[in-house]
Structures are given as C-alpha cells and as structure tokens.
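Trainee: Dropping the structure in here first, questions after.
The values are calculated or read from the model by the stated rules, or taken from the named source; none is laboratory data. It should be emphasised that the depicted structure is a prediction, and the values quoted were computed from it without experimental measurement. Here Cβ is always computed from backbone atoms with ideal geometry, including for glycine, and neighbour counts include all displayed protein chains. To get the accessible areas, we keep the full protein, side chains included, count just its heavy atoms, and leave off ligands, DNA and RNA. Shrake-Rupley method; radii C 1.70, N 1.55, O 1.52, S 1.80 Å.
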Amino acid sequence: MNYYPPVGYYFVVVFRDSGDAPIGSQLKMLLYDTNFKEVSGLTSELGIDKYQEGGVNDYQHPLPKPAHFNNITLKRGMLTNSGIVDWMRDALENFIIVPKAFTIVLLGPQGFPVAAWDVTGAFPVKWEISGFNAMDNSIVVESIEFVCQKHRRLPI
C-alpha cells in the first residue's frame, strides 16, 4: 500500500460557540466567513520542572507540568463585514471578551476529513491588516491571532 502525506492547502475552519460539540458528521454546516488562506501556530508543548534530589549531584529529575498551547494565527483576504470581524472588534476595541471554539479540518483530495484539531476557549488578541501599496496588485490580507485554552487533535 502506498502512503501519500496529505497536502496542507485544502482545509476549512469552522467557528462555533464554546459550549457546542466539535464538528464531526456536521461538516456540512454553513461555512461562510470561515475561508482562510493560512493556519499557523498549532503547537503544544509539555512543560518540564527540574527537581534536584538531595545528595544526587550528577542529574536532576524532570517532572512534567501541564501543556502549553501557542497562539493560533489565521490569515485570509480582508472582509469588511462579518461575524468574525464583529467578534474581533468587540474584543479588541470594546474589551468584550467572548471565548469561542473552532475546528480546523484538513481535507483529502476527495474533500473528506483526514485530520482535525479542536480549539477551545479562543478569543482574538491581535488583528493585523497587510500593507497597502499603490504599485502592487495584491489582495489585502488580514491576520487574526487567537489565544486559546487548549487544542487537541480529534480522531477521524
């Protein structure tokens, strides 16, 4: 059997309220306002404390601490009006913090999920608009950075 690693350009991001269950068979939800060109920051790292035992001078005991989850950045062509824009404006301009959840789904060649990550307790902490250049014919891109409680890979 031949194995071909999945490509990273075919994916969707689906936002939901924090109390809702992660998507599974509900992938046919309305996906408007969720088309992004890039997802980055799906990084988790186990914390380690070093404990020095009395009388043992040649090593320390590594003790695990809870995992740390990096901020996740989503990029897309700028939208002038959308639910996500309203949510970001509330958080960044009015300091109304409403955590939400979202699922990042990597799709295979036929459009079926091959991997998915569930992100919980997320809210926007940075919103960046690409530069404007009269000599360039490029799309304005917005980058949205989210802090999250945690993310986990879902079984498919």
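Trainee: Is it the case that segment 99-122 has a residue that's without any contact (Cβ under 8 Å) to a residue 12 or more places away in the chain, on the phi > 0 side of the Ramachandran plot, open to solvent by 60 Å² or more (accessible area, probe 1.4 Å) and of a type outside the set (Gly, Ala, Ser)?
Mentor: no
Trainee: So which residues in segment 123-148 are in contact (Cβ under 8 Å) with a residue 60 or more places away in the chain and not hydroxyl-bearing (Ser, Thr, Tyr)? Before the answer, list the steps.
Mentor: To start, the set of residues in segment 123-148 that are in contact (Cβ under 8 Å) with a residue 60 or more places away in the chain comprises 139-148.
Listed by number, the residues that qualify are Ile139, Val140, Val141, Glu142, Ile144, Glu145, Phe146, Val147, Cys148.
Trainee: Just to be sure I understand, how many residues within segment 101-120 are over 15 Å from Leu42 (Cβ atoms) and in contact with a Pro (Cβ under 7 Å, 6 or more places away or on another chain)? Don't jump to the end; show me each part of the working.
Mentor: Within segment 101-120, the first condition is being over 15 Å from Leu42 (Cβ atoms), and the residues that meet it are 107-113.
Pick out the ones that are also in contact with a Pro (Cβ under 7 Å, 6 or more places away or on another chain) and you get 107-108.
Here the count works out to 2.
Trainee: I'm trying to understand the selection: among the residues of segment 55-98, which are touching a residue at least 40 places away in the same chain (Cβ under 8 Å), out of contact with any Asp or Glu (no Cβ under 6 Å at 6 or more places or on another chain) and small (Gly, Ala, Ser)?
Mentor: Kept after step one, since they are touching a residue at least 40 places away in the same chain (Cβ under 8 Å), are these residues of segment 55-98: 67, 69, 71-79, 82-84, 88.
Next, only the ones that are out of contact with any Asp or Glu (no Cβ under 6 Å at 6 or more places or on another chain) stay: 67, 69, 72, 74, 76-77, 79, 88.
Once the filter is applied, which keeps residues that are touching a residue at least 40 places away in the same chain (Cβ under 8 Å), out of contact with any Asp or Glu (no Cβ under 6 Å at 6 or more places or on another chain) and small (Gly, Ala, Ser), segment 55-98 yields Ala67, Gly77.
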